[in-house]
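Okay, so here's the structure we're looking at.
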Amino acid sequence: MGSLNLYERFSRTFREHPSLSKFLVVFALSGGGVVAYSVANSENYDNVGNQKKKVVVLGTGWAGTSFLRNLKNPSYDVQVISPRNYFAFTPLLPSVTVGTVEARSVVEPIRNIVKKKKVNVDFCEAECYKIDAKKKKVYCRSTKKDKEEFVVDYDYLVVAMGARVNTFNTPGVEEHCLYLKEVEDAQKIRRKVIDCFEKASLPNVSDDERKRMLQFVVVGGGPTGVEFAAELHDFVSEDLVKLYPTVKDFVKISLLEATNHILNMFDKRITAFAEEKFHRDGIDLKTGSMVVNVSDKEISTKEIKTGKISTIPYGMAVWSTGIATRPVVLDFMKEIGQANRRVLATDEWLRVEGTNDIYALGDCATINQRKVMEDISAIFETADKDRSGTLTVKDFKDAVNDICDRYPQVQLYLKNKNMSSIVDLLKETKGDVVKEISVDEFKSALSQVDSQVKNFPATAQVAAQQGTYLADCFNRMDKCEKHPEGPIRFRESGRHRFRPFRYKHLGQFAPLGGEQTAAQLPGDWVSIGHSSQWLWYSVYASKQVSWRTRSLVVSDWMRRFIFGRDSSQI
Ligand code: FAD
């Protein structure tokens, strides 16, 4: 700095503090008089005159919207890019397929959601087709007819693009099946159901053809497939049988599931109740049955146990068997050295592994939880403050909070083993009286904890919590840079800036039709029946993103109670 001349010093100062140039212009124009000029009004600079960091958010689903709603720090310029200019409340999509709830009641324009924010947020209706992590650019294409392309720079990128439907490359699925992933899918299904009923009601249709047209097949016994089958059954039995009395006896709903049971991720009591209820309702449940081919009128299935192939003629087939990574994310993974993975991996702070300023959350990514055993020697060395080669109980207790913070599997392991503290774990290895512990004993005590590492489910709950967590980190970025609040860095020095993301499971629902819902709440508390249905109504009403959608959804439910569902084919 000492060797810089006056001009160079001036020019460097102006480059580092661009807002000063404005002050200079105002100063010159005012003839040197003192002019009050507020840089805080400037859109591109924060209130201390620094250029705002540009945050690009890809996606307006659960993760992206939750991030945007919770971002409060005005020192960012946010650019949102998504082919959808709205947020969709996906848990109500099965209700949209049959008109229990209208499509417009479950969506909220993203511009409405961000309009009152103090943070500057712009929206572009476009899809990102390439992420260049080296140049810090995203390449986008308009979703309109012209498909106009443009490039956006970022300082921080938040990838929240969700996932695509997984067809497992089953032949014919893309061409002939409907999906239930987006609002448009739900609208297509609604039209198709009515279309099948109207076609089957034409006078010149044979009974065999009528039977085929009114055979509805749902592939996938997860929560979405099960809920859709239940909604369809309610629609048919409560509304359509009255409107189409001549064809009602031809209607059949089948649910195909490759494993032995539906709702595998739920408690066994819920699975058993759901299977029993479907049998009672006349929904044809085919478990252990894998779809191998779909043609325009038939679905071929293979029985897993016997290998026997059979065919089911169908009028409408809905494919709901899970999700897979989007092609643009797969390309990005290749670029950053994650080509050997199936899902984009992040660290526990949601930062994409192999990058610095890119975060990924929701269905498009998974957290690669660091294993205790990978760091065990570093943990021991950090805890062993006096370098004695052994850990005293005090050493251990001093480090325990950081260990549990950094490696949540430790706490899960203790909980599963009914242990109150990590010292109990040492007792298990060393016997009742623990005074000191060697590195080998330490390794042996913690050797099993990594068995508790689990991936989070691809749910709205996880995506929304991740969005809130990341926004909170962005809100406190500068503060935590100066005063880190995360656990000790065992392999390096200092502390992590933030505490890692923690998922809090609030329970899950499986609506089963006939005003009955199964609820699995924290602490393995299971409730099934009409009371859970009311819990479902109140939770989903309260979780709406705006009062507008909340009132629309509640009035749709009331309309359905009073007048039934609308079967007009519009
Ligand atoms: P999404 O919500 O899918 O959002 C992805 C966003 O990225 C969208 O805005 C999309 O338009 C955008 N996007 C896509 N491609 C691009 C691109 N190239 N460039 C930019 N943007 C892009 N979870 C629950 O917890 N409870 C439930 O009851 C429940 N029910 C469900 C019912 C149905 C029918 C479905 C389909 C899902 C359900 N889920 C439920 C799962 C839940 O919806 C997902 O886990 C959640 O949507 C994931 O959020 P996300 O933000 O990661 O992705």
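The values are calculated or read from the model by the stated rules, or taken from the named source; none is laboratory data. Nothing here was measured: the structure is a model prediction, and the numbers come from that model. Cβ coordinates were reconstructed from backbone atoms using ideal geometry, including for glycine residues, and neighbour counts include every protein chain displayed. Just the protein is used for accessible areas: all its heavy atoms, side chains included, with ligands, DNA and RNA removed. Shrake-Rupley method; radii C 1.70, N 1.55, O 1.52, S 1.80 Å.
Determine, from the Cβ-Cβ distance of residue 416 and residue 261 and an R0 of 30 Å, the FRET efficiency 1/(1 + (r/R0)^6), rounded to the nearest 0.05.
0.80
State the percentage of accessible surface on the chain attributable to carbon and sulfur atoms; use a 1.4 Å probe and exclude ligands, DNA and RNA.
52 percent
Kirkwood hydrodynamic radius (Cα pairs, Å) of region 214-253?
Result for region 214-253 stands at 10.6 Å.
What translational diffusion coefficient, in µm²/s and rounded to a whole number, does the Stokes-Einstein relation yield for region 375-447 at 20 °C and a viscosity of 1.002 mPa s, taking the hydrodynamic radius as the Kirkwood radius over Cα pairs?
175 µm²/s
Net charge within 12 Å of residue 355 by Cβ-Cβ distance, Lys/Arg positive one each and Asp/Glu negative one each, not counting residue 355 itself?
Charge balance near residue 355 sits at -2.
Residue by residue, what Karplus-based ³J(HN,Hα) values in Hz, rounded to whole numbers, does region 466-475 have, using 6.51, -1.76 and 1.60 with θ = phi - 60° and x for Gly and Pro?
5, x, 5, 4, 5, 4, 4, 5, 5, 4
Give me the dipole magnitude in Debye, nearest 20, for the chain about the Cα centre, with unit charges on the beta carbon: positive for Lys and Arg, negative for Asp and Glu.
The dipole magnitude comes to about 1080 debye.
Check the straight Cα-Cα distances from residue 134 and name the aspartates and glutamates below 17 Å, setting aside those fewer than 8 residues away within the same chain.
153, 155, 331, 335, 353, 357
For residue 357 and residue 530, FRET efficiency with R0 = 60 Å and r from the beta-carbon atoms, rounded to 0.05?
0.75
Identify all lysines with a Cα-Cα distance to residue 116 below 24 Å; exclude those on the same chain that are fewer than 8 residues away in sequence.
The qualifying lysines are 52, 53, 54, 72, 543.
In nm, give the distance between the simple-model label positions of residue 44 and residue 428, each being 7 Å from the Cα along the Cα-to-Cβ direction.
Going by the 7 Å Cα→Cβ label model, 5.9 nm.
What does the net charge come to around residue 553 if you take all other residues with beta carbon closer than 12 Å to its beta carbon, with K and R at +1 and D and E at -1?
+3
Highest first, please rank the peptides 178-186, 411-419, 511-519 by the mean number of other Cβ atoms sitting within 10 Å of their residues.
511-519, 178-186, 411-419
Lysines within cross-link reach of residue 397: Cα-Cα under 27 Å, excluding same-chain residues under 8 positions apart?
Residue 397 reaches 371, 385, 415, 417, 427, 430, 435, 443, 454, 482, 504.
Which value results when the Cα radius of gyration for the chain is divided by 2.2 N^0.38 Å?
Rounded to two decimals, the normalised Rg is 1.16.
I need to check one value: relative contact order of the chain, counting alpha carbon pairs closer than 8 Å and at least 6 residues apart, in percent.
Once divided by the residue count of the chain, the mean separation gives 15 percent.
Given a cut-off of 29 Å, name the pairs among 118/145; 252/305; 188/242 whose C-alpha atoms lie farther apart than that in the structure shown.
From 118/145; 252/305; 188/242, over 29 Å: 118/145.
Have a look at the DSSP beta bridges in region 137-258 and tell me what percent are antiparallel, nearest 5.
50 percent
Using the Cα gyration tensor of region 244-298, with a ≥ b ≥ c the square roots of its eigenvalues, what is the shape: rounded (a/c below 1.5), prolate (a/b larger than b/c) or oblate (neither)?
oblate
How far is it, in nm, from the label point at residue 489 to the one at residue 134 when both lie 7 Å from their Cα along the line to the Cβ?
So the label points at residue 489 and residue 134 sit 2.6 nm apart.
How much length is gained on full extension from residue 374 to residue 287, taking 0.36 nm per residue of separation minus their Cα-Cα distance?
Result for the pair: 27.3 nm of gain on full extension.
Among 189-201, 260-272, what's the highest-first ranking by average C-beta atoms within 10 angstrom per residue?
So the peptides 189-201, 260-272, ranked by packing, come out 189-201, 260-272.
Using alpha carbons only, how many angstrom separate the centre of region 214-285 from the centre of region 307-380?
For region 214-285 versus region 307-380, the Cα centre distance is 30 Å.
Calculate, for residue 323 and residue 502, the FRET efficiency according to 1/(1 + (r/R0)^6) with r their C-beta to C-beta distance and R0 25 Å; round to the nearest 0.05.
About 0.60, to the nearest 0.05.
Quick one: pull the percentage of alpha-carbon pairs in region 145-221 with a separation above 15 Å.
73 percent
So for region 462-520, taking the charge dipole from beta-carbon charges (+1 Lys/Arg, -1 Asp/Glu), which of 505, 493, 516 sits furthest toward the positive end?
The residue sitting farthest along the positive end of the dipole is 493.
Quick check on packing: order 336-348, 245-257, 51-63 by the mean number of other C-beta atoms within 10 Å, highest mean leading.
51-63, 245-257, 336-348
Give me the 1.4 Å probe accessible area per residue for region 402-484, excluding ligands and nucleic acids, in Å².
51 Å²
Just subtract the alpha-carbon distance of residue 272 and residue 208 from 0.36 nm times their residue separation and send over the number in nm, one decimal.
19.7 nm
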